[in-house]
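Trainee: Quick one: the structure is below, and I'll ask about it shortly.
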């Protein structure tokens with residue numbers, strides 16, 4: 001059950017992030033095969049025949065690691081925003097995701113898993129599309145993605161607290177507090193952007209509520 005739920009959260013996140021205005025301009029081009037977060041990150045592992053983790057633990061490690069990589073890159077893009085408050089938020093949250101990545105690499109290595117810092121094709125495509133935007137459209141898109149990611153992280157860490165592995169349980173318990181502290185500032189900034197009517201779109205795009 002935990003494997004299914006964890007994978008479902010990661011899959012839903014992938015679908016949610018992929019369906020945004022910044023990506024809609026690409027819909028007229030031939031569709032490429034789906035490249036999920038889970039599949040892409042699994043490819044980055046070495047042989048797992050002797051890995052000392054069960055299915056739920058492996059799914060948790062892969063999901064958190066992949067999403068942390070993505071969020072770190074997203075924060076780098078946010079740091080170039082023309083919105084001072086968003087630049088400050090990006091600067092403040094980046095170290096926490098870098099720590100999530102480093103700590104997870106250490107835990108995974110101890111269990112026979114080697115994780116590589118590679119984004120999936122779909123993740124990179126989304127980030128490349130964001131780089132083409134400018135404020136205020138960029139601000140709204142980045143904040144929407146951050147809000148979605150933080151909600152997904154919260155759910156994943158809640159699941160992680162029920163894993164049998166002590167290291168992963170401790171990791172999840174510590175991390176969820178950090179993410180929850182970020183949700184308030186992120187939501188506040190997103191509300192400000194929406195309230196000031198800065199959800200403008202480029203030609204051919206449709207603003208999302």
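Trainee: Please go through region 76-86 and pick out each residue that is without any contact (Cβ under 8 Å) to a residue 60 or more places away in the chain and closer than 15 Å to residue 145 by Cα.
Mentor: Scanning region 76-86 gives 76, 79.
Trainee: Still on this structure: Specify which of the listed residues (100, 115, 168) is more than 18 Å from the chain's Cα centre (by Cα) and within 30 Å of residue 53 (Cα to Cα).
Mentor: Values: 100 fails: more than 18 Å from the chain's Cα centre (by Cα); 115 fails: more than 18 Å from the chain's Cα centre (by Cα).
Every option except 168 fails the conditions.
Trainee: Shifting gears a bit: Pull up region 182-203, narrow it to residues that are out of contact with any helix residue (DSSP H, G or I) (no Cβ under 7 Å at 6 or more places or on another chain), more than 11 Å from residue 150 (Cβ to Cβ) and exposed (fewer than 14 other Cβ atoms within 10 Å of the Cβ), then point me to the one that is modelled with the lowest pLDDT.
Mentor: 203
The values are calculated or read from the model by the stated rules, or taken from the named source; none is laboratory data. Note that this is a predicted model, so its numbers are computed, not measured. Glycine gets a Cβ as well: all are built from the backbone with ideal geometry, and neighbour counts include every protein chain shown.
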